[in-house]
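Trainee: Before I ask anything, let me first share the structure, which is written out below as structure tokens.
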Amino acid sequence: MRIQHAGETFRKEDEIPVKVQLFVSCLADMVRPEAAIAAVHVLEKRGVGVEFPEGQTCCGQFSYNAGYQHEAAVMARHFVRVFESGTQEDPTDILALSGSCAATVMHTYPGLLYEDALQQGEPETKAREWKKRAEAVAGRVHEWSMWLGEHADQPMAPNGSPLPVAYHLGCHMRRLLPESRKAQDLLRALGIDAREPENAEECCGFGGTYSFTEPVVSTALADDKLANVQNLVQDAGAVCLTGADLGCLLHLEGRLRRQESSLPVCHVAELVELADQNRLTPDQVRQLEQGGGK
Amino acid sequence: MAGQLPYDNRPWPERRDAALQNQTMRHTIGFVTRRFTLIKGEIYRTSPDLEASRKTAVGQKRQAIRDLPQLLEQFRNQVERRGAHTYLAAQAQDAVDIALNIARSHQAELVIKSKSMVTEEIELNQAFEKAGIPVRETDLGEYIIQLAKERPSHILAPAAHRNRHQVEELFQADASREKISPPQSDEIEDLTRYARSRLRQEFLRADMGVTGGNFLVAETGTLVLITNEGNADMVTSLPPVLVSIVGVEKIVRDWASLTEIIQQPAMSGIGRHLSSYTTMIQGPKSPGSVEGPREWHVILVDNGRMALRDTEFEDVLSCIRCGACLNACPVFREVGGHAYGSVYPGPIGIVETPLLTDFQVLPELPSALCTLCHACQEACPMDIALPDHIISLRHTIVKRHLNSSTVNWTLRTWARFWSTPGGYRRSISLARVMQRLSGKKRNAQGLFPGIFAGWGQTREIPQVAPKTFHEWWQEWKERAEEK
Ligand code: SF4
């Protein structure tokens, strides 16, 4: 299915893909749907039709990185099937609401599905076929904010001083997706002053299942990251912590809340939507956190 | 054959907690590693022309590993042609036995050593001390940890976990034991001056020298040592007998490949174009020359290395021990080297330790000490696929049933539920039920299944939304269709 809203757009129709598929990620789906909803609104505002293949679940990265390759392959095959269906004629871009999931599909799937097919006793031809299917899907995947920055014009940044926020660029997006630092340009164009904390390139400690299996080290890393984020709050007046990866953000948010901090944490899509609506103020950002942003 | 590596037998949680409680160490290690990483980045940025050389070095090193048996043969022939002796030690214990035999046959009474990781790996010092032959480390960092009775915490900077105040304390104690004048202050210069004068006496007395080796040039039979203190020059020229103990993987084909690779350890390790001293040994002293050892013995150590050839892990043998991956690793910065429990810490250590020993030693390393942030991959000048290897080792751990049953249960059940939309929906309903049962209570992680409970120890557990995106979309779609 496909939904097209006419409405106001920011860009000439013929310069922007008319339709994309959204992969929201299991985390956004379950615990931060506001991020995915904002992502839909932002795209539609720019005249992009959004399709949400409803069979989608999770990219399987958690399992893969924990060493459960067959389990990951089961989820990866499901992902490939879901995003293949109905797109053979018209392969649309797939926008992932997580840099890390996007990297998994792009870099891990082809080799994983090839290997797993062989492991399961499939013939070589079948394994190669899986690899090809995975590559075809992987070639369509993009991280949402990077895609947006590249393909869509942004509304004029409002007059007045930009809103400072602490921006966390997750490790996989930073290191596995080329040019990912450009994602911040999108925010700047919208009047969001994205600032990376000191030692930005240092992992926040999430690491998928690592955050469950090694909570002590994971949290020590979170505390280092958050100390630098707090410096941005103090020195630069950052009003929230944002980023394109909910895994990192939920881990850091969980730590902030345990320490009784109320610093808002939100996905970049939520900020972009606020900017679209001309509601980019510290107050509105705080309301996001309370689930009042919709 | 699997190799033998020494290890700390305290369990990981104990090693971890000891590390995290040591604030001085954490501060010092954090400072040193970030600084090294910074200057490393700087030197590659300001010398873009050297990138081509690095790439050439990687290609040549990979080829040398593929040709390892022939190149080793060539190296041994060249060395022996000049009257030196070579040995191939299959395991750590063999290398120790060979070295001890040489020492005994010369009735060695004092051994001086330059810095070497492979001698840590085979626990040479411990074996010599046990045999009643004292060994004196002459690299400043090694000397410090020898006084402290510790193991290196970093493959390049063995005492990186100690600050200068702590070093001064060690030297003060040493001075009063030896009844000599102590360092004048904890300024680096005074500390170095103390160590230098203290070690000088030992240099002159020693009757055997031990070195490691950074490179072995097959073409010419040359052993190359790079140091920043020049102590290797003394170790290789003063004592009458010299024993060099080197991992077999240190081989490079020829002089041309040496010139490409020789800058890499210093550039990646300390952000400098070259180490201060490069020492080359080509054979024992020839008749008529004044310097050099009368005898030279080269012990080539396998200890699990050869078995990695022709496997997906072969590139690990290209490691030049520059330490860049340790410096870049966020977990290493947090817990320091000792928490790993292996002589090889950091990303390369968590890959090599289980690999060299066929998982006999510290099999928890790949899972417990890596967040898969890929910083090591970015840092490694030899393009070793460290994160991929770590994932692969985790996979081996799963296949060999080395994980706890909780981890197994969680990951398998999870995948079973989430590989179909129906299962995915059921898991969400289940999570909601659990959430209701736990209420808003803190520390309600007891209710969470499997490994998920770990999250709640230190962080609030995120709540499942009243309406998932799937559910929202359903409504949104219906509304849109009505329009
Ligand atoms: S793995 Fe790479 S970065 Fe780490 S010590 Fe070896 S060569 Fe250096």
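The values are calculated or read from the model by the stated rules, or taken from the named source; none is laboratory data. On a predicted model such as this, the values are computed, not experimentally measured, just so you know. In this analysis, Cβ positions are derived from the backbone assuming ideal geometry, glycine residues included, and neighbour counts consider all displayed protein chains.
Trainee: If I ask for residues that are modelled with pLDDT of 90 or more and part of a loop (DSSP other than H, G, I, E, B), which ones from the range B:125-148 would you list?
Mentor: B:Ala131, B:Gly132, B:Ile133, B:Pro134
Trainee: Tell me which residues, restricted to the range B:382-414, are within 13 Å of the ligand (Cβ to nearest atom) and either at pLDDT below 95 or over 19 Å from A:Cys171 (Cα atoms) (or both).
Mentor: To start, the set of residues in the range B:382-414 that are within 13 Å of the ligand (Cβ to nearest atom) comprises B:382-390.
Listed by number, the list holds a single entry, B:Met382.
Trainee: Kindly indicate which of A:Ala35, A:Ala28 is modelled with pLDDT of 90 or more, part of a helix (DSSP H, G or I), more than 8 Å from chain B (Cβ to nearest Cβ) and under 25 Å from B:Pro462 (Cα atoms). First the steps, then the outcome.
Mentor: Working: A:Ala28 fails: more than 8 Å from chain B (Cβ to nearest Cβ).
Checking each option against the conditions leaves just A:Ala35.
Trainee: Among the numbered conditions (1) of a type outside the set (Val, Ile, Thr); (2) in a loop (DSSP other than H, G, I, E, B); (3) in contact with a strand residue (DSSP E or B) (Cβ under 7 Å, 6 or more places away or on another chain), tell me where A:Gly121 comes up short.
Mentor: Only one criterion in (1) of a type outside the set (Val, Ile, Thr); (2) in a loop (DSSP other than H, G, I, E, B); (3) in contact with a strand residue (DSSP E or B) (Cβ under 7 Å, 6 or more places away or on another chain) is unmet by A:Gly121, namely (3).
For (1) of a type in the set (Phe, Trp, Tyr); (2) over 25 Å from B:Ile122 (Cβ atoms); (3) surrounded by 19 or more Cβ atoms within 10 Å (Cβ to Cβ), each residue gets a yes or a no:
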{"site": "B:Glu334", "(1), (2), (3)": "no, yes, yes"}
{"site": "B:Asp383", "(1), (2), (3)": "no, yes, no"}
{"site": "B:His389", "(1), (2), (3)": "no, no, yes"}
{"site": "B:Thr410", "(1), (2), (3)": "no, yes, yes"}
{"site": "B:Ser419", "(1), (2), (3)": "no, yes, yes"}
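Trainee: Looking at B:Thr46, is it farther than 21 Å from B:Glu352 by Cα and modelled with pLDDT under 95?
Mentor: Judged against the criteria, B:Thr46 is a match.
Trainee: Of all residues in the range B:245-255, how many are touching a Gly at 6+ places or on another chain (Cβ under 9 Å) and within 16 Å of the ligand (Cβ to nearest atom)? First the steps, then the outcome.
Mentor: Our first condition is that a residue be touching a Gly at 6+ places or on another chain (Cβ under 9 Å); within the range B:245-255, this holds for B:245-247, B:250.
The next check asks that each one be within 16 Å of the ligand (Cβ to nearest atom); those that pass are B:246-247, B:250.
Number of matching residues: 3.
Trainee: Pairs under 6 Å by beta carbon, first residue not assigned by TED's automatic domain parsing to the domain that holds B:Ala157 in the range B:319-335, partner aromatic (Phe, Trp, Tyr), six or more apart or different chains?
Mentor: Once the first residue is not assigned by TED's automatic domain parsing to the domain that holds B:Ala157 and sits in the range B:319-335, its partners that are aromatic (Phe, Trp, Tyr) give B:Leu326/B:Phe332; B:Asn327/B:Phe36.
Trainee: Among the residues of the range A:43-77, what is the count of those that are out of contact with any strand residue (DSSP E or B) (no Cβ under 7 Å at 6 or more places or on another chain), surrounded by fewer than 24 Cβ atoms within 10 Å (Cβ to Cβ) and more than 9 Å from chain B (Cβ to nearest Cβ)?
Mentor: Here the count works out to 3.
Trainee: It is to be established whether one or more residues within the range A:81-99 are in a helix (DSSP H, G or I), within 14 Å of chain B (Cβ to nearest Cβ) and within 27 Å of B:Cys376 (Cβ to Cβ). So that I can check it myself, show each step before the final result.
Mentor: Looking only at the range A:81-99, we keep the residues that are in a helix (DSSP H, G or I), and these are A:81-84, A:99.
From what's left, within 14 Å of chain B (Cβ to nearest Cβ): A:81-83, A:99.
Add one more test, that the residue is within 27 Å of B:Cys376 (Cβ to Cβ), and what stays is A:99.
Checked against the condition, which is being in a helix (DSSP H, G or I), within 14 Å of chain B (Cβ to nearest Cβ) and within 27 Å of B:Cys376 (Cβ to Cβ), the range A:81-99 yields at least one hit.
Trainee: Further question: Name the residue, out of B:Leu369, B:Leu317, B:Leu362, that is within 16 Å of the chain's Cα centre (by Cα), of a type in the set (A, V, I, L, M, F, W, C), away from the ligand (no atom under 16 Å from the Cβ) and crowded, with 24+ Cβ neighbours inside 10 Å. I'd like the intermediate steps shown before the answer.
Mentor: Numbers: B:Leu369 fails: away from the ligand (no atom under 16 Å from the Cβ); B:Leu317 fails: away from the ligand (no atom under 16 Å from the Cβ).
Being within 16 Å of the chain's Cα centre (by Cα), of a type in the set (A, V, I, L, M, F, W, C), away from the ligand (no atom under 16 Å from the Cβ) and crowded, with 24+ Cβ neighbours inside 10 Å holds for just one of B:Leu369, B:Leu317, B:Leu362, which is B:Leu362.
Trainee: Quickly run through the range B:440-473 and pick out the residues that are part of a loop (DSSP other than H, G, I, E, B) and at pLDDT 75 or above. Outline the logic, then answer.
Mentor: At the first step, the residues of the range B:440-473 found to be part of a loop (DSSP other than H, G, I, E, B) are B:440-443, B:448-449, B:457-468.
B:Gln457, B:Thr458, B:Arg459, B:Glu460, B:Ile461, B:Pro462, B:Gln463, B:Val464, B:Ala465, B:Pro466, B:Lys467, B:Thr468 - these are the residues of the range B:440-473 that are part of a loop (DSSP other than H, G, I, E, B) and at pLDDT 75 or above.
Trainee: Any idea how many residues of the range B:35-92 are surrounded by fewer than 17 Cβ atoms within 10 Å (Cβ to Cβ) and of a type in the set (A, V, I, L, M)?
Mentor: Matching residues across the range B:35-92 total 5.
Trainee: Just one of (1) within 22 Å of B:Thr37 (Cα to Cα); (2) within 13 Å of the ligand (Cβ to nearest atom); (3) more than 14 Å from chain A (Cβ to nearest Cβ) trips up B:Leu355, so point out which.
Mentor: Here B:Leu355 meets the rest and fails (1).
Trainee: Only one of these is away from the ligand (no atom under 16 Å from the Cβ) and within 20 Å of B:Ala89 (Cβ to Cβ): B:Asp310, B:Asp302. Name it. Don't jump to the end; show me each part of the working.
Mentor: Numbers: B:Asp310 fails: within 20 Å of B:Ala89 (Cβ to Cβ).
Only one candidate qualifies: B:Asp302.
Trainee: Next question. B:Asp186 versus (1) in a loop (DSSP other than H, G, I, E, B); (2) among the acidic types (Asp, Glu); (3) under 27 Å from the mean Cα position of the chain (by Cα): which is the lone unmet condition?
Mentor: Among (1) in a loop (DSSP other than H, G, I, E, B); (2) among the acidic types (Asp, Glu); (3) under 27 Å from the mean Cα position of the chain (by Cα), B:Asp186 violates only (3).
Trainee: Kindly indicate which of B:Val167, B:Val118 is assigned to a helix (DSSP H, G or I) and in contact with a Gly (Cβ under 9 Å, 6 or more places away or on another chain). Full working, then the answer.
Mentor: Working: B:Val167 fails: in contact with a Gly (Cβ under 9 Å, 6 or more places away or on another chain).
From the options B:Val167, B:Val118, the qualifying one is B:Val118.
Trainee: Right, something else. Here is a list: B:Leu238, B:Leu258, B:Leu242, B:Leu274. Which entry is more than 14 Å from the ligand (Cβ to nearest atom), buried (at least 24 other Cβ atoms within 10 Å of the Cβ), closer than 24 Å to B:Val210 by Cα and in contact (Cβ under 8 Å) with a residue 24 or more places away in the chain?
Mentor: Working: B:Leu238 fails: buried (at least 24 other Cβ atoms within 10 Å of the Cβ); B:Leu258 fails: buried (at least 24 other Cβ atoms within 10 Å of the Cβ); B:Leu274 fails: buried (at least 24 other Cβ atoms within 10 Å of the Cβ).
None of the others qualify; the one that does is B:Leu242.
Trainee: Here's a follow-up. Could you list, in sequence order, the residues of the range A:258-271 that are closer than 17 Å to A:Pro162 by Cα and either assigned to a strand (DSSP E or B) or modelled with pLDDT under 95 (or both)?
Mentor: none
Trainee: Based on what the data block shows, is B:Val343 over 13 Å from the mean Cα position of the chain (by Cα), away from chain A (no Cβ under 14 Å) and either more than 10 Å from the ligand (Cβ to nearest atom) or buried (at least 24 other Cβ atoms within 10 Å of the Cβ) (or both)? Steps first, answer last, please.
Mentor: Values: over 13 Å from the mean Cα position of the chain (by Cα): no; away from chain A (no Cβ under 14 Å): yes; either more than 10 Å from the ligand (Cβ to nearest atom) or buried (at least 24 other Cβ atoms within 10 Å of the Cβ) (or both): yes.
Considered against the rule, which asks whether it is over 13 Å from the mean Cα position of the chain (by Cα), away from chain A (no Cβ under 14 Å) and either more than 10 Å from the ligand (Cβ to nearest atom) or buried (at least 24 other Cβ atoms within 10 Å of the Cβ) (or both), B:Val343 comes out as no.
Let's see how each residue does on (1) under 18 Å from the mean Cα position of the chain (by Cα); (2) of a type in the set (D, E, K, R); (3) farther than 30 Å from B:Trp409 by Cβ; (4) at pLDDT 95 or above:
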{"position": "A:Ala166", "(1), (2), (3), (4)": "yes, no, yes, yes"}
{"position": "A:Glu196", "(1), (2), (3), (4)": "yes, yes, yes, yes"}
{"position": "A:Phe206", "(1), (2), (3), (4)": "yes, no, no, yes"}
{"position": "A:Ala238", "(1), (2), (3), (4)": "no, no, yes, yes"}
{"position": "A:Leu256", "(1), (2), (3), (4)": "no, no, yes, yes"}
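Trainee: Also, quick follow-up: Please give the number of the condition A:Ala194 fails out of (1) assigned to a helix (DSSP H, G or I); (2) surrounded by 24 or more Cβ atoms within 10 Å (Cβ to Cβ).
Mentor: Going through the list (1) assigned to a helix (DSSP H, G or I); (2) surrounded by 24 or more Cβ atoms within 10 Å (Cβ to Cβ), A:Ala194 breaks only (1).
Trainee: Which numbered condition trips up B:Cys376, out of (1) more than 9 Å from the ligand (Cβ to nearest atom); (2) crowded, with 24+ Cβ neighbours inside 10 Å; (3) within 12 Å of chain A (Cβ to nearest Cβ)?
Mentor: Here B:Cys376 meets the rest and fails (1).
Trainee: In addition: Given the residues B:Arg416, B:Arg425, B:Arg400, which is the only one that is over 29 Å from B:Gly59 (Cα atoms) and free of Cβ contacts under 8 Å to residues at least 24 places away in the same chain? Show your work before the answer.
Mentor: On the way: B:Arg425 fails: free of Cβ contacts under 8 Å to residues at least 24 places away in the same chain; B:Arg400 fails: free of Cβ contacts under 8 Å to residues at least 24 places away in the same chain.
Testing whether each residue is over 29 Å from B:Gly59 (Cα atoms) and free of Cβ contacts under 8 Å to residues at least 24 places away in the same chain leaves just B:Arg416.
Trainee: Out of A:Arg181, A:Arg255, A:Arg175, I need the residue that is touching a His at 6+ places or on another chain (Cβ under 6 Å) and not in a loop (DSSP other than H, G, I, E, B). Which one?
Mentor: A:Arg175
Trainee: In the set A:Val272, A:Val229, which member is over 30 Å from B:Gln457 (Cβ atoms) and surrounded by 24 or more Cβ atoms within 10 Å (Cβ to Cβ)?
Mentor: Working: A:Val229 fails: over 30 Å from B:Gln457 (Cβ atoms).
One residue alone meets the criteria, A:Val272.
Trainee: Which condition number does B:Ser105 fail, the rest of (1) surrounded by fewer than 24 Cβ atoms within 10 Å (Cβ to Cβ); (2) closer than 23 Å to B:Phe332 by Cα; (3) polar (S, T, N, Q) being met?
Mentor: Unmet for B:Ser105, out of (1) surrounded by fewer than 24 Cβ atoms within 10 Å (Cβ to Cβ); (2) closer than 23 Å to B:Phe332 by Cα; (3) polar (S, T, N, Q): (2).
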